[in-house]
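Structure, as structure tokens:
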Amino acid sequence: MTIFISIAAYRDPELVPTIEHALARARWPGDLRFAVCWQHGEGEAPPPALDGGRMRVIDVPWRESKGACWARSELMKLHDGEDWFLQLDSHHRFAQDWDAVLLDQAERSGSSRPVLTAYLPPYDPAGPLSHDPAPTRMRFDRFTPQGIPTFQFRDIAPAELHGAPIRARFVSGHMLFAPGSFVSEVPYDPELYFIGEEISLAVRAFTHGYDLFHPGAHVAWHEYTRNGRTKHWDDHVPGGAVERPWHERDAVSLAKVQHFLMARPTGLFGCGDQRTVAEYEAYAGVDFAMRTATPAAREGNTPAAIRAGVPGGAIDRHWTVRLALDQQIVPAAARDDPQFWYVGFHDAEGVEIARNDATRAEMRAVLGAGEGPIILERRFTSSRPPARWTVWPTDCQGRWLDKLDGAIDPGAMADGVIEAAL
């Protein structure tokens with residue numbers, strides 16, 4: 001199985017060590033095909049030469065660079081029918097037999113169109129590699145002022161590691177492994193600059209029918225600090241003898257990503273027709289219009305598998321759950337004019353199946369109803385029965401407070417309503 005390895009390198013002294021380490025740690029180094037967009041200054045070390053056409057280089061003086069996504073777009077044009085596509089940054093170290101691990105994880109995913117991706121564990125170029133690090137998952141971090149989601153990583157808990165990959169909500173730009181078809185079906189938009197690259201990739205891959213996974217085994221390390229490395233935005237400044245300063249490219253890119261998330265265009269750099277963006281939002285736990293993310297997305301919990309709405313598939317049912325919460329167990333700050341309360345329901349595997357928050361107006365009404373329990377009644381549709389409820393209050397400034405949760409017994413139904421109390 002040949003692997004096309006795309007590396008966009010900008011004035012990076014780690015480029016050569018990255019390629020050398022990848023070759024040294026691969027089980028089948030002869031099956032690797034490197035493509036490097038070498039954006040460099042005078043005297044900077046080029047990628048190592050490899051025989052048999054295994055090293056393809058786009059030579060770009062740094063002043064002519066148009067940014068990382070432009071470089072990645074150019075590299076995709078060098079794909080020559082390799083079986084697999086692997087996108088990396090130019091500052092990585094690799095686990096032993098990392099290529100075999102990726103191929104094994106792709107097979108274990110059970111998907112014909114898997115995307116294996118992660119924010120990898122960190123390394124320090126000046127120090128030893130960490131011993132046996134845990135595989136990592138991505139979680140939602142925040143929305144930018146333009147409404148673009150950004151992410152962080154956290155370890156996958158040992159209890160979740162069973163050899164196979166786990167489902168992912170989001171995509172990393174610095175480690176993405178997919179079938180070679182990804183290159184033609186989800187080509188990089190060269191007009192993007194930096195922020196927004198990853199969420200647009202995730203939405204486009206998902207809507208083109210690719211399934212997102214985090215590897216369930218350690219693959220590689222990534223260097224995050226960029227210490228001692230010149231960045232594109234360090235060089236491409238006003239008066240820097242460049243075609244356009246970085247902030248102009250960034251402004252165009254941010255506006256384009258914002259438009260993409262709201263207008264959901266199709267076409268070469270748009271959404272696919274295999275799934276909808278609304279399905280992605282439900283799957284990932286984000287709402288682009290409302291700029292909200294579920295607690296599960298913020299924690300990086302594993303999302304549910306996609307369930308196709310076909311005859312013989314899962315049957316949706318209507319559920320009504322009435323929660324009765326003792327006011328004494330609710331934090332005082334949650335009862336003092338809160339902005340809203342998260343109200344969610346989860347299946348037996350802990351996957352969120354419904355969310356219907358209590359607004360400030362609703363909370364004012366129920367909290368002013370007297371000294372009795374706080375009653376929240378919710379009706380929702382799901383093919384999976386609810387097994388647990390979660391209420392996560394905020395205070396008057398929208399800050400999260402202590403979470404409340406409890407079990408649901410679908411059998412404890414009277415007149416079509418499931419009663420739950422705490």
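Rolling a 1.4 angstrom probe over the protein heavy atoms, how many square angstrom per residue are accessible across the range 345-412?
Per residue, the range 345-412 has 51 Å² of solvent-accessible surface.
Send over the Kirkwood Rh of the range 329-422, from the inverse of the averaged 1/r over different Cα pairs, rounded to one decimal Å.
13.9
State in Å² the accessible area per residue of the range 69-178; use a 1.4 Å probe, count heavy atoms of protein chains only, and round to the nearest integer.
38
Can you find, among 13, 359, 268, the residue farthest towards the positive end of the dipole of the chain? Put +1 on the C-beta of Lys and Arg, -1 on that of Asp and Glu.
The residue sitting farthest along the positive end of the dipole is 359.
Rounded to the nearest 5, what is the percent of antiparallel bridges among the DSSP beta bridges in the chain?
DSSP beta bridges in the chain are roughly 60 percent antiparallel.
Expected output is a single nm value to one decimal: the length gained when fully extending between residue 332 and residue 28, i.e. 0.36 nm times separation in residues minus the C-alpha distance. What is it?
103.4 nm
Around residue 422, with a cut-off of 9 angstrom between Cβ atoms, what is the net charge of the other residues, counting Lys and Arg +1 and Asp and Glu -1?
Around residue 422, the surrounding residues sum to -2.
Pop out the Kirkwood hydrodynamic radius of the range 108-188 from its pairwise C-alpha distances, inverse of mean 1/r, in Å to one decimal.
With all distinct Cα pairs of the range 108-188 included, I get 14.8 Å.
Mind checking which of 102, 78, 121 is farthest towards the positive end of the range 75-127's charge dipole, using Cβ charges of +1 (Lys, Arg) and -1 (Asp, Glu) about the Cα centre?
Comparing the listed Cα positions along the dipole, 121 ranks first.
Among 277, 321, 366, which one shows the biggest mean-square fluctuation in a GNM of the chain, springs joining Cα atoms closer than 10 Å?
366
Using r as the Cβ-Cβ distance of residue 234 and residue 369, and R0 as 56 Å, what FRET efficiency do you calculate, to the nearest 0.05?
0.40
Find the relative contact order for the chain and round it to a whole percent, using C-alpha pairs within less than 8 Å whose residues are 6+ positions apart.
14
If a paramagnetic tag sat 7 Å from the Cα of residue 264 along the Cα-Cβ line, which residues of the range 185-217 would have the backbone N under 17 Å from that point?
Only 199-210 pass the distance filter.
Would you mind telling me the share, in percent, of accessible area of the range 1-152 contributed by carbon and sulfur at probe 1.4 angstrom?
Answer for the range 1-152: carbon and sulfur cover 48 percent of the accessible area.
How far apart, in nanometres, would the label points at residue 195 and residue 132 be if each is projected 7 angstrom from Cα along the Cα-to-Cβ direction?
4.0
Just to check, using Stokes-Einstein with a Kirkwood Rh over alpha carbon pairs, what's the diffusion coefficient of the chain at 10 °C and 1.306 mPa s in µm²/s?
So the translational diffusion coefficient is about 68 µm²/s.
Return, for the Cα atoms of the range 1-151, the radius of gyration and Dmax in Å, separated by a comma.
16.3, 48
In the range 157-184, which residues have a backbone nitrogen under 13 Å from the label point lying 7 Å from residue 273's Cα in the Cα-to-Cβ direction?
Output list for this probe position: empty.
Would you calculate the volume per residue, in Å³, of the smallest convex hull containing every Cα atom of the range 93-134?
85
Could you tell me whether the range 62-156 comes out rounded, prolate or oblate from its Cα gyration tensor? Rule is a ≥ b ≥ c as square roots of the eigenvalues, rounded for a/c under 1.5, then prolate if a/b exceeds b/c, otherwise oblate.
Verdict is rounded for the range 62-156.
Determine the gain in length on full extension of the stretch residue 64-residue 100; use 0.36 nm per residue of separation and subtract their C-alpha separation, reporting nm with one decimal.
9.3 nm
What number, rounded to the nearest 500 deg cm²/dmol, is the helix-based mean residue ellipticity at 222 nm of the chain, given -39500 (n - 2.57) per DSSP H run of at least four residues and division by all its residues?
Calculated from helices alone, the mean residue ellipticity at 222 nm is -6000 deg cm²/dmol.
Length gain on complete extension for the stretch residue 150 to residue 324, per 0.36 nm per residue less the alpha carbon to alpha carbon distance?
Full-extension gain reported as 59.1 nm.
Report the residues of the range 179-208 in range of a label on residue 107: point 7 Å along Cα→C-beta, backbone N strictly under 16 Å from it.
179
Below 26 Å, Cα to Cα, which lysines can residue 77 reach? Residues fewer than 8 away in the same chain don't count.
Of all the lysines, those that pass the test against residue 77 - Cα under 26 Å, at least 8 places apart if same chain - are 66, 231, 256.
The values are calculated or read from the model by the stated rules, or taken from the named source; none is laboratory data. Nothing here was measured: the structure is a model prediction, and the numbers come from that model. Quick reminder, even Gly has a Cβ in these numbers, built from the backbone with ideal geometry, and neighbours come from all protein chains shown. SASA here: full protein model, heavy atoms, side chains in, ligands and nucleic acids out. Shrake-Rupley method; radii C 1.70, N 1.55, O 1.52, S 1.80 Å.
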